[in-house]
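The next block holds one structure in the form of structure tokens; read it before the comments.
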């Protein structure tokens, strides 16, 4: 992975080196020009001219000196000491020594840190991309293995039903190919059998081979995850039962609402059109008296 990160970051590294070269080249032009102006004057001090010629006598020497100053190849104070006697044109009190110090500060605290940050960021992006590729390859490998396991169990499917039962599993669990695939999934055959038993509760005695293989893939890892897989299956079964209950209740309530609406409509119709029609007759006078038995009687 480290080698891949380095190779993928070569492009950024080349641009960083190009920028660093440009900055050092510009600095070399400035300090070589300053050294040439000083050495061209009569009466130049030997203790100043000698280090200037040795370190800044040409563009190549100046670039090497400036590069050594920021990489630890030489003490930048020693390289900048001769410039204490070289005032800048128009700024007699500001010597090239301060310009050299500004160059060191700019390179150390700005350029090198920024370039390092860019390089590290690109390396991190490359690492993340490589990790994503590894995850994709692992998933593809798992899918391929699941397909192979499905084909293997289909080969043991005697009745060609595309399902697996507890009887079929017990009959073929000693097969070395099944043991090898289960070992690749880090699954014990006992856990696989418990998983099959948990899934069978949601099916009518037989489980589709694809569903069983998918459950085995989820079970991959520590054997303690068998309980979580079983719990997941139970939860799905309960959710399925609740959905069926909700659908049945909804249909019953809908039918009851329709029946109530029909009955209400019939009552309104009967009130509007009574049968038989009411006939007009004179009011009947009802007289009540108490009979011999002490009960009210209507005449």
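The values are calculated or read from the model by the stated rules, or taken from the named source; none is laboratory data. This one's a predicted model, so the numbers in the text were calculated from it and none came from an experiment. All Cβ positions, even for glycine, are placed from backbone atoms using ideal geometry, and neighbour counts span all protein chains on display.
Going residue by residue through the stretch 55-63, is there one that turns out to be in the same structural domain as residue 108 (by TED's automatic domain parsing) and not in a helix (DSSP H, G or I)? I'd like the intermediate steps shown before the answer.
Here is the first cut: in the stretch 55-63, the ones in the same structural domain as residue 108 (by TED's automatic domain parsing) are 55-63.
Next, from what is left, pick out any that are not in a helix (DSSP H, G or I): 57-58.
The answer is yes; a qualifying residue exists.
Here are some residues: 258, 297. Which one is at pLDDT below 75 and either surrounded by 10 or more Cβ atoms within 10 Å (Cβ to Cβ) or touching a helix residue (DSSP H, G or I) at 6+ places or on another chain (Cβ under 9 Å) (or both)?
Numbers: 258 fails: at pLDDT below 75.
Just one listed residue meets the conditions, 297.
Please work out if residue 215 is in a loop (DSSP other than H, G, I, E, B), under 33 Å from the mean Cα position of the chain (by Cα) and either within 25 Å of residue 144 (Cβ to Cβ) or modelled with pLDDT of 70 or more (or both). Break it down into steps so the answer makes sense when it comes.
Details: in a loop (DSSP other than H, G, I, E, B): no; under 33 Å from the mean Cα position of the chain (by Cα): yes; either within 25 Å of residue 144 (Cβ to Cβ) or modelled with pLDDT of 70 or more (or both): yes.
No, not satisfied.
Starting from residues that are in contact with a helix residue (DSSP H, G or I) (Cβ under 8 Å, 6 or more places away or on another chain) and at pLDDT 75 or above, keep the ones in the stretch 116-147 and report whichever is nearest to residue 192 (Cα to Cα).
Of everything passing the filter in the stretch 116-147, 122 is nearest to residue 192 (Cα to Cα).
When the stretch 95-105 is examined, which residues are found to be within 20 Å of residue 73 (Cα to Cα) and free of Cβ contacts under 8 Å to residues at least 12 places away in the same chain?
Passing the criteria: 102, 105.
So in the stretch 1-25, with the set limited to residues that are modelled with pLDDT of 85 or more and exposed (fewer than 12 other Cβ atoms within 10 Å of the Cβ), which one is farthest from residue 111 (Cα to Cα)?
Per the stated criteria, the residue is 14.
If you take the residues of the stretch 148-179 that are under 14 Å from residue 212 (Cβ atoms), in contact with a helix residue (DSSP H, G or I) (Cβ under 8 Å, 6 or more places away or on another chain) and not in a helix (DSSP H, G or I), which of them is modelled with the lowest pLDDT?
The extreme case among them is 156.
Determine whether the stretch 271-289 contains at least one residue that is at pLDDT 55 or above, outside the structural domain of residue 192 (by TED's automatic domain parsing) and surrounded by 11 or more Cβ atoms within 10 Å (Cβ to Cβ). I'd like the intermediate steps shown before the answer.
Our first condition is that a residue be at pLDDT 55 or above; within the stretch 271-289, this holds for 271-277.
Of the ones still in play, those that are also outside the structural domain of residue 192 (by TED's automatic domain parsing) are 271-277.
So of that shortlist, the ones also surrounded by 11 or more Cβ atoms within 10 Å (Cβ to Cβ) come out as none.
The answer is no; no qualifying residue exists.
Tell me which residues, restricted to the stretch 31-51, are touching a helix residue (DSSP H, G or I) at 6+ places or on another chain (Cβ under 9 Å) and either surrounded by fewer than 15 Cβ atoms within 10 Å (Cβ to Cβ) or modelled with pLDDT under 90 (or both). Give the steps one after another, and end with the answer.
Of the stretch 31-51, the ones touching a helix residue (DSSP H, G or I) at 6+ places or on another chain (Cβ under 9 Å) are 31-32, 34-36, 38-39, 44-45, 47-51.
34, 35, 36, 38, 39, 44, 45, 47, 48, 49, 50, 51 - these are the residues of the stretch 31-51 that are touching a helix residue (DSSP H, G or I) at 6+ places or on another chain (Cβ under 9 Å) and either surrounded by fewer than 15 Cβ atoms within 10 Å (Cβ to Cβ) or modelled with pLDDT under 90 (or both).
For the condition within 30 Å of residue 135 (Cα to Cα) and in contact (Cβ under 8 Å) with a residue 24 or more places away in the chain, what is the one hit in 52, 66, 13?
Values: 52 fails: within 30 Å of residue 135 (Cα to Cα); 66 fails: within 30 Å of residue 135 (Cα to Cα).
Just one listed residue meets the conditions, 13.
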